[in-house]
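So the structure is just underneath, and the comments pick up after that.
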Amino acid sequence: MNKPVKSWLKKNAPNWRKILYNIVLVILLPVVVLYLLWRLVVQGKSRAGLAQRLGILPDSVRALKNTEGPTIWVHAVSVGEVAAAEPILQQLRLAEPTSQIILSTTTPTGQKMAAKLDLDIEALIYFPFDFPGITERVLRTLSPDLIILMEAELWPNLFAAAHARNIPLAVLNGRISDTAFPKNRLFRSLFAWVLSNVDLICTQSQKDAERFIALGAPPQRVKVSGNAKFDENFPYIPPEEQAKWRQDLGLSQESAVWLAGSTHPGEDEPILDTFDRLHTRYPDLELVIAPRHPERGDEIEKLVSEHGYATYRRSRVLAEQQQGKAIDLRSTTQVRGVILDTIGELSRIFSIATVVFMGGSLVPRGGHNILQPLAQGKPVVFGPHMHNFQDIADLALDQQAAIQVQDASQLFEVTDRLLSSPAERQLYQVRGRSLLQKQSGASQRMVAELAPLLTER
């Protein structure tokens, strides 16, 4: 067989990894359909954006295909990825002022977060299911000149379809967690194929870069750029706004506030137990619990009541205020627990905290971003499970800008110490803000790496 024929056969040979991946999708399809029906009918979820997930986009989005300037599709899964995408989108707008930027998210909370940030984008959509017919339809509709995926999003059918159309793909703020990496290595052949379709991977750290390469990413396409989350537009909250937040939440203007942010099931009970102990030492101490998922408000309210505290439900108060009802927030002398079951307010309410505990870390959920409370100058405490934010946690611990505890007992001891020591709290404020300043600039470096991809396109 001559060389041209061999070359043609090699180039046009069916990709067994793609075939196998889609066979698995077909096998799982009945389960997926049943799960979607259960969420739609029983839970009342997944209705938002269902048509878009199936590849049916609004006319306003379809019309962007015919506008001037490059079309850039950016995907950010949920709240954390949207926050990381914000400074990148700003840098993109500066670098490509005529571009049409489309942002997609997977979760409704991601959509709400993106809407609240008032990003300078042309469209906000839901990310489509990674089925062949659906991904092709979306690519035909959008006709993007560049696709950007945030952090760890790897979708085989989308990547293959984009590569077949010569659409550049970039993974920005890339990371592979300590827990995900061993599992991913079991499927290295699949990841190697998926990553072969990616033109650029900008990672948060050298460790992340090495992990992408170990999974099969071409080394020349992997760049260490830093973490864009350090470039987030952290808000400055003036004293008068802080006073207003305290008033709106029914908190005293003088009292210390312990804020537990982004909590998960299994954390609220030890938090309340710890607050019981703290409250005996600091009678004026106030508690704010902000669940990661606002729909858990009823569950947390029940727990707060069982501990003998009155409750303030932020979502309920806002609803009553919209109905024109007058609310006396200080009508009771009973100690209350504030339940912040809303989207988009926590980043500003961090400013009224005395000490912050970041959830998802006492239970094995992988933790949450600690940069927002650090930016507000707050001492931050987190638990032993921070694998989803390990690089940030390691940097903060190395700079002595945050404190890690192993259990609820240590949580009490550390929080007690911080509440009793204004000087130590001030020290953490200085260290935290210094850390943010040292680590900034990643988003600008990433967008600079994108320029050749758009030029070639």
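The values are calculated or read from the model by the stated rules, or taken from the named source; none is laboratory data. All values reported here derive from a predicted model rather than from experimental measurement. Note: ideal-geometry Cβ built from the backbone for every residue, glycine included; neighbour counts use all protein chains shown.
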**OP:** Pairs only if they're at least six apart or on different chains, beta carbon under 6 angstrom, first in region 92-118 and under 19 Å from T342 (Cα atoms), second assigned to a helix (DSSP H, G or I); list them, first residue then second.
**Re:** T105/Q111; T109/V79; G110/V79; G110/V82; M113/V79; M113/V82; A114/V82; L117/E86
Original post:
So which residues in region 137-180 are β-branched (V, I, T) and closer than 19 Å to I201 by Cβ, if there are any at all?
Top reply: I147, I148, I167, V171, I176
Original post:
Of all residues in region 126-145, which are in contact with a helix residue (DSSP H, G or I) (Cβ under 6 Å, 6 or more places away or on another chain) and under 16 Å from T67 (Cβ atoms)?
Top reply: T141, S143
Original post:
For region 191-223, what are the residues that are in contact with a helix residue (DSSP H, G or I) (Cβ under 6 Å, 6 or more places away or on another chain) and free of Cβ contacts under 8 Å to residues at least 12 places away in the same chain?
Top reply: I213, P219
Original post:
Can you spot a residue in region 224-241 that is part of a strand (DSSP E or B) and under 24 Å from H385 (Cα atoms)?
Top reply: no
Subject >> Checking A152 against (1) outside any loop (DSSP other than H, G, I, E, B); (2) under 22 Å from Y21 (Cβ atoms), the condition it does not meet >> reply: (1)
Original post:
Of all residues in region 207-235, which are loosely packed, with under 14 Cβ neighbours inside 10 Å and at pLDDT 95 or above?
Top reply: P219, Q220
Subject >> Among (1) in contact with a Leu (Cβ under 9 Å, 6 or more places away or on another chain); (2) without any contact (Cβ under 8 Å) to a residue 60 or more places away in the chain; (3) aliphatic (A, V, I, L, M), the one test that I370 misses >> reply: (1)
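Name the residue that is nearest to the chain's Cα centre (by Cα), counting only residues in region 107-128 that are among the hydroxyl-bearing types (S, T, Y) and more than 28 Å from Q439 (Cα to Cα).
Going through region 107-128, the residues among the hydroxyl-bearing types (S, T, Y) turn out to be 107, 109, 126.
Retained after the next criterion (residues that are more than 28 Å from Q439 (Cα to Cα)): 107, 126.
Numbers: T107: 10, Y126: 15 Å.
That would be T107.
Would you tally the residues in region 79-127 being part of a helix (DSSP H, G or I), within 22 Å of R445 (Cα to Cα) and of a type in the set (D, E, K, R)?
Taking region 79-127 first, the residues part of a helix (DSSP H, G or I) are 79-95, 108-117.
Then keep just the ones that are within 22 Å of R445 (Cα to Cα); that gives 80-95.
If we keep only those that are of a type in the set (D, E, K, R) as well, we get 81, 86, 93.
Of the residues in region 79-127, 3 are part of a helix (DSSP H, G or I), within 22 Å of R445 (Cα to Cα) and of a type in the set (D, E, K, R).
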**OP:** Confirm whether A85 is surrounded by fewer than 17 Cβ atoms within 10 Å (Cβ to Cβ), modelled with pLDDT of 65 or more, assigned by TED's automatic domain parsing to the domain that holds N173 and out of contact with any Gly (no Cβ under 7 Å at 6 or more places or on another chain).
**Re:** no
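Limited to region 415-424, what total is found for residues that are surrounded by fewer than 17 Cβ atoms within 10 Å (Cβ to Cβ) and within 28 Å of the chain's Cα centre (by Cα)? Full working, then the answer.
Step one: filter region 415-424 for residues surrounded by fewer than 17 Cβ atoms within 10 Å (Cβ to Cβ), giving 416-417, 420-424.
Those left that are additionally within 28 Å of the chain's Cα centre (by Cα): none.
Qualifying residue count, region 415-424: 0.
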**OP:** Quick one: which residue in T263, T203 is in the same structural domain as A393 (by TED's automatic domain parsing) and on the phi < 0 side of the Ramachandran plot?
**Re:** T263
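I'm trying to understand the selection: among the residues of region 383-410, which are aliphatic (A, V, I, L, M) and over 16 Å from I370 (Cα atoms)? Break it down stepwise before answering.
Keep residues of region 383-410 that are aliphatic (A, V, I, L, M), which gives 386, 392-393, 395-397, 401-403, 405, 408.
Listed by number, the list holds a single entry, A408.
Collect the residues in region 61-78 that are part of a helix (DSSP H, G or I) and in contact (Cβ under 8 Å) with a residue 40 or more places away in the chain, keeping them in residue-number order. Before the answer, list the steps.
Residues of region 61-78 that are part of a helix (DSSP H, G or I), as a first pass: 61-66.
V61, R62, L64, K65 - these are the residues of region 61-78 that are part of a helix (DSSP H, G or I) and in contact (Cβ under 8 Å) with a residue 40 or more places away in the chain.
Might you check whether a residue that is modelled with pLDDT of 75 or more, within 20 Å of G133 (Cα to Cα) and not hydroxyl-bearing (S, T, Y) occurs anywhere in region 32-47?
No; the residues of region 32-47 include none that is modelled with pLDDT of 75 or more, within 20 Å of G133 (Cα to Cα) and not hydroxyl-bearing (S, T, Y).
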**OP:** For region 188-196, indicate whether the set of residues that are within 25 Å of M386 (Cα to Cα) and part of a helix (DSSP H, G or I) is non-empty.
**Re:** yes
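Look through T263, T280 and report the one residue that is within 30 Å of L154 (Cα to Cα) and either without any contact (Cβ under 8 Å) to a residue 24 or more places away in the chain or of a type outside the set (A, V, I, L, M) (or both).
Numbers: T280 fails: within 30 Å of L154 (Cα to Cα).
Sole residue among the options that is within 30 Å of L154 (Cα to Cα) and either without any contact (Cβ under 8 Å) to a residue 24 or more places away in the chain or of a type outside the set (A, V, I, L, M) (or both): T263.
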